[in-house]
Each structure stands twice: as C-alpha cells, then as structure tokens.
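Shown next, in structure tokens, is the structure this report addresses.
We did not get these values from a lab; they are worked out from the coordinates using the rules stated. What you are looking at is a predicted structure, and each value in this text was computed from that prediction instead of being measured. Glycine also receives a Cβ, built like all others from the backbone with ideal geometry; neighbour counts cover every protein chain displayed.
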Amino acid sequence: MGLVASILLWRTGPLGFLDLLYTPAAIVAAQFALAVPVVAGLTAAAVQQLDPRLQVQLAGLGASRLQILAWLLHEARLPLLAAVMAGFGAVISEVGASMMVGGNILHYTRVLTTATVLETAKGNFDVAIALSVVLLAATFCVTMIVTAVQQRGAKPA
C-alpha cells in the first residue's frame, strides 16, 4: 500500500498536483486505503449473515432503499463493530505506508509506529519499548471500549 500511495502522490505521479506527499493527510489517505478492504469485506459478510427475508419485508412495508440499508446495518451492528476493530488493528499496526508517504518528519508526520522504528534503528531499545507500550495501551483501551459497547448491545441468550 505504501508503494502504491507513494507512486500516486509523487510529484510526477497522477495525484502529484495535490502536493500531499510527506504530509499528515497522505498518511491518513494511505491508512484509509489500507483499512477499507478489511472493513468492507467484513461488513459484507456481516450483512450477508442477516435473514434475506428482512430486506423483502422492509421493502414490503414501504421502506426506501436508504431506509432498508440503514436498518440492515443496524441489525448487523455488532459484527460491524468487529469489522471496525479489524480495520483499526490493520491501521494501528502498519508502519510501511506511514513511513513511505509521511517521511517520519519530527513534529509533523512522525507517529508512534514510525517513531518506534526510528528508535530501534538508532539502538534506543528502551525508548522503542516505551513507545510500543504506549501504542499497546492505546490499542487495549480502544479494544476494551468497543468490546464493552458490543457486550452491552448483545442479546441475552
């Protein structure tokens, strides 16, 4: 993903006129492009698990296409949270695309993952471990919050 994003955003690339390479926006775009296939695939699987008669019933009750989509997503909300978590996991653990399109510029495009790589390369393993612990703690916090939301919304057996 990092290579493709770099080629697209390079000065002579198709999107070079946007002048986004080595900016936070480039990192966000690359991470978004990385997460979309994961989230889309799991979202499609979640919606396909719904009873196919639900869509027919909603249409029979006069729901518009947008209302049907909203209701189907509402019914699949718990698996959708899992899809979002999978996308989050893909993005939070990825470092290559961030380095390639962001450049790891201090106070501008340096993020926890790229800073960890930099400190490891410099031999500052204590700093790299500390950064990794911060990243891991943030990941655990987000996971606990999403899990709590999922469990609150789960139907009792």
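Assuming R0 = 22 Å, can you tell me the calculated FRET efficiency for the pair THR147 and LEU73, based on Cβ-Cβ distance, to the nearest 0.05?
Efficiency, rounded to the nearest 0.05: 0.65.
So between ALA121 and ALA45, what do we pick up on full extension, going 0.36 nm a residue minus the alpha carbon distance?
This chain segment gains 23.3 nm when fully extended.
Please report, in debye to the nearest 20, how large the charge dipole of the chain is about its Cα centre when each Lys and Arg carries +1 at its beta carbon and each Asp and Glu carries -1 there.
Dipole about the Cα centre, nearest 20: 320 debye.
Report, as a whole number in µm² per second, the diffusion coefficient that Stokes-Einstein gives for segment 34-77 at 10 °C and 1.306 mPa s using the Kirkwood radius over alpha carbon pairs.
In µm²/s, the coefficient is 143.
Per the Kirkwood treatment, what hydrodynamic radius in Å, one decimal, follows for segment 46-141 from the mean inverse distance over all distinct Cα pairs?
Evaluated on segment 46-141, it is 16.6 Å.
If I fit a long axis through the Cα atoms of helix 112-121 and take the longest principal axis of the Cα atoms of the chain, what angle between them do I get, 0 to 90°, rounded to 10?
The two axes meet at around 30 degrees.
Between VAL4 and GLN55, what is the label-point separation in nm under the 7 Å Cα-to-beta-carbon projection?
According to this spin-label approximation, the distance is 2.6 nm.
If we restrict to alpha carbons, what Rg and Dmax does segment 1-47 come to, in Å?
Rg, Dmax (Cα atoms, Å): 13.0, 41.
Given LEU73, VAL111, VAL36, which one lies farthest toward the positive end of the charge dipole of the chain, if we put +1 on the Cβ of every Lys and Arg and -1 on the Cβ of every Asp and Glu?
The residue sitting most towards the positive pole is LEU73.
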